[in-house]
Ligand code: CMX
């Protein structure tokens, strides 16, 4: 058993009595009420999910295991020769809530090299798809294709409920370790004439991803930062919730995460990073060589709103301020690409868009989210095929949602099954006030 798995088991054993006691002794305590608007409005903000892996505060933004983004980056061991933590150490942290030692991380980096070996049939599946399939289709199909080797599915009939977490952890770890190679394969297959770069033994996940993408330093740090920032945003967002929901039927990690990725591929969720770049490029095209100014940015934003579309990269279902994931990436840009014209334009949009959205008066949050800033960095380092950007989000998101479903099985969270009502019932309740 690896050190991570042994520590995770201790953590699970410590935690189980807390959940069991809450359920048994305090099960009737009311924690929320549901309004008609919430029932009609996408269950927005109903407190009905439990996760300890991350928590999203309306004002402050995300905390992973109690630490905000700067605290997370500062606490975890940095990769050799890099400025950001290894993704492996972050995976340990998400699963256990503890900062790993150097030995823990080294063992995990070595463990991921073994787990990370992607079966060759996965590449056959990707190649069998039409080449103009969206890269998210390729990623989701590649993940789903590995279901036949699920350790959870194989062990299911001979297992007790208390042990479900074990093969779920194994599948989750295998998946996390394989995602970067699958993503890099999709990129090189689709956009680089199939000139695939094999993984290099001995590198941590960020460095190996940069290597397989064929992008030089500091892209290893970009990858580490990007995967960590996109990992988790508590469990109510579409990709996390879908993964959790599907896993609640005791579907394994492959079925569950593939479903989560399909939700991430929606333009209101993870696809927004692609949409942002698309918006910026069409705006630049309209300028026809003229300099962007606050006036022409403002006009373009209004044109988008007036044509009935959303401004991609702005707004959030829960957050009510600038997303700290946006800020973390902006700080990276200020350090590494301060004079980049695209970064300057994104900054200009940041100065103008919140005012425009506030004036329009519809959105509850006029501030930028993670997707408003992420594409600029990828563009700068030469990754300009922007329909690939959501795949990067997906690799990162795997860390959070797969840690979550491992804990779902550890704590025996049951089948999820909310109750529906009819419109007539709502009308009856409305009439009663
Ligand atoms: N541009 C224009 N209108 C917006 C808007 C934006 N960026 N954000 C919200 N609105 C509108 C909504 O469409 C809604 O309009 P209707 O009443 O006509 O339906 C109204 O403002 C109220 O919405 P809200 O309560 O503020 O936001 P929601 O919780 O319904 O939706 C989100 C949240 C993210 C889907 C929305 O802000 C949006 O569409 N943003 C643009 C897409 C985007 O950037 N998505 C990425 C989010 C982060 C991620 O998951 O990756």
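Per-structure values
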{"item": "Distance between the range 201-218 and the range 312-346 - C-alpha centres, whole angstrom", "result": "24 Å"}
{"item": "Stretch gain in nm, segment residue 49-residue 197, where the contour uses 0.36 nm per residue and the Cα spacing is subtracted", "result": "49.2 nm"}
{"item": "R0 of 45 Å, Cβ-Cβ distance residue 10-residue 293: FRET efficiency to nearest 0.05", "result": "0.15"}
{"item": "Cα coordinate range in the range 218-270, projected on the principal axes (Å, largest first)", "result": "41, 24, 18"}
{"item": "For the range 180-316: rounded, prolate or oblate by the Cα gyration tensor [a/c cutoff 1.5]", "result": "oblate"}
{"item": "Most mobile of 75, 403, 247 in a GNM of the chain (Cα contacts under 10 Å)", "result": "75"}
{"item": "Spin-label pair residue 348/residue 68, simplified geometry with 7 Å Cα→Cβ offset, distance in nm", "result": "3.1 nm"}
{"item": "Chain lengthening between residue 416 and residue 163 when straightened (0.36 nm per residue, less Cα-Cα)", "result": "89.1 nm"}
{"item": "Highest average packing first - 86-97, 121-132, 22-33, Cβ atoms within 10 Å", "result": "86-97, 121-132, 22-33"}
{"item": "Value of relative contact order over the chain, rounded to a whole percent, pairs C-alpha under 8 Å and six or more apart", "result": "22 percent"}
{"item": "Fraction of alpha-carbon pairs over 32 Å apart in the chain - percent", "result": "38 percent"}
{"item": "Centroid-to-centroid separation of the range 264-292 and the range 70-100 [C-alpha atoms, Å]", "result": "32 Å"}
{"item": "Cβ-based exposure ranking for 160, 5, in which fewest neighbours within 10 Å come first", "result": "160, 5"}
{"item": "Packing-based exposure ordering (other Cβ within 10 Å, fewest first) of 277, 345, 261", "result": "345, 277, 261"}
{"item": "C-alpha center-to-center spacing [the range 397-433, the range 137-200] in angstrom", "result": "27 Å"}
{"item": "Prolate/oblate/rounded call for the range 268-318, Cα gyration tensor, a/c under 1.5 rounded", "result": "prolate"}
{"item": "Surface/4 estimate of mean projected area, convex hull on alpha-carbon atoms of the range 272-386, nm²", "result": "6.8 nm²"}
{"item": "Prolate/oblate/rounded call for the range 67-193, Cα gyration tensor, a/c under 1.5 rounded", "result": "oblate"}
{"item": "R0 of 41 Å, Cβ-Cβ distance residue 117-residue 286: FRET efficiency to nearest 0.05", "result": "0.30"}
{"item": "Relative contact order (percent, whole number), the range 231-306, Cα cutoff 8 Å, 6+ residue spacing", "result": "19 percent"}
{"item": "Using a Förster distance of 51 Å, the FRET efficiency for residue 124-residue 21 (Cβ separation, nearest 0.05)", "result": "0.55"}
{"item": "Helix-only [θ]222 nm of the chain, DSSP H runs n ≥ 4, -39500 (n - 2.57) each, per residue, nearest 500", "result": "-19000 deg cm²/dmol"}
{"item": "Contour excess over end-to-end distance, with Cα ends at residue 132 and residue 331 and 0.36 nm allotted per residue", "result": "68.2 nm"}
{"item": "Relative contact order, percent, the range 272-386 [alpha-carbon distance under 8 Å, six or more residues apart]", "result": "41 percent"}
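Every number here is computed from the coordinates shown, using simple stated rules; none is lab data. The model shown is predicted, which means the values in this text are computed figures rather than measured ones. Glycine gets a Cβ as well: all are built from the backbone with ideal geometry, and neighbour counts include every protein chain shown.
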